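Below is one structure, written out as structure tokens; the observations come after it.
The values are calculated or read from the model by the stated rules, or taken from the named source; none is laboratory data. Nothing here was measured: the structure is a model prediction, and the numbers come from that model. Cβ placement follows ideal geometry from the backbone for every residue including glycine, while neighbour counts extend to all protein chains displayed.
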Amino acid sequence: MIPFSVFGSNTTQYYSRCRYVPLTSSDYQREVGIYDGFRYSESAFRSFRQNPGVSRVQTNGDYRLYYVRGDECGR
């Protein structure tokens, strides 16, 4: 789980090691639709996807797997 204060803002600086982060459509619907962005906002999801240190690796329409480069992985 990515801490609320980190998701969409400084994800790549928060982690020292590289990691994979899976996100599903139901994650988005729950956080943005049901919780109205209380924990993770729509803009945080957008910022997460647009971060230059985050790369989408795989998707099937409902599931997306992202690779997050940490500080130890280089830029």
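Can R69 be described as at pLDDT 95 or above, surrounded by 14 or more Cβ atoms within 10 Å (Cβ to Cβ) and touching a helix residue (DSSP H, G or I) at 6+ places or on another chain (Cβ under 9 Å)? Give the steps one after another, and end with the answer.
Values: at pLDDT 95 or above: no; surrounded by 14 or more Cβ atoms within 10 Å (Cβ to Cβ): yes; touching a helix residue (DSSP H, G or I) at 6+ places or on another chain (Cβ under 9 Å): yes.
No, not satisfied.
Would you check if G61 is of a type in the set (G, A, S), over 16 Å from P3 (Cα atoms), loosely packed, with under 14 Cβ neighbours inside 10 Å and modelled with pLDDT under 90?
Values: of a type in the set (G, A, S): yes; over 16 Å from P3 (Cα atoms): yes; loosely packed, with under 14 Cβ neighbours inside 10 Å: yes; modelled with pLDDT under 90: yes.
The answer is yes for G61.
What pairs can you find where one residue is in the range 39-51 and in contact (Cβ under 8 Å) with a residue 40 or more places away in the chain, the other is not β-branched (V, I, T), and their Cβ atoms are less than 7 Å apart, with a gap of 6+ or different chains?
F48/F7; F48/G8
Quick check on this structure: which one of Y28, Y20, Y15 is out of contact with any Ser or Thr (no Cβ under 7 Å at 6 or more places or on another chain), crowded, with 16+ Cβ neighbours inside 10 Å and not charged (D, E, K, R)? Steps first, answer last, please.
Values: Y28 fails: crowded, with 16+ Cβ neighbours inside 10 Å; Y20 fails: crowded, with 16+ Cβ neighbours inside 10 Å.
From the options Y28, Y20, Y15, the qualifying one is Y15.
Looking for something farther than 12 Å from N10 by Cα and hydrophobic (A, V, I, L, M, F, W, C) - is there at least one such residue anywhere in the range 47-56?
For the range 47-56, residues farther than 12 Å from N10 by Cα and hydrophobic (A, V, I, L, M, F, W, C): absent.
Of all the residues that make up the range 45-60, how many are of a type in the set (G, A, S) and closer than 17 Å to C18 by Cα? Outline the logic, then answer.
Within the range 45-60, the first condition is being of a type in the set (G, A, S), and the residues that meet it are 47, 53, 55.
In the following step, the residues that additionally are closer than 17 Å to C18 by Cα were identified as 53, 55.
Looking only at that region, the number is 2.
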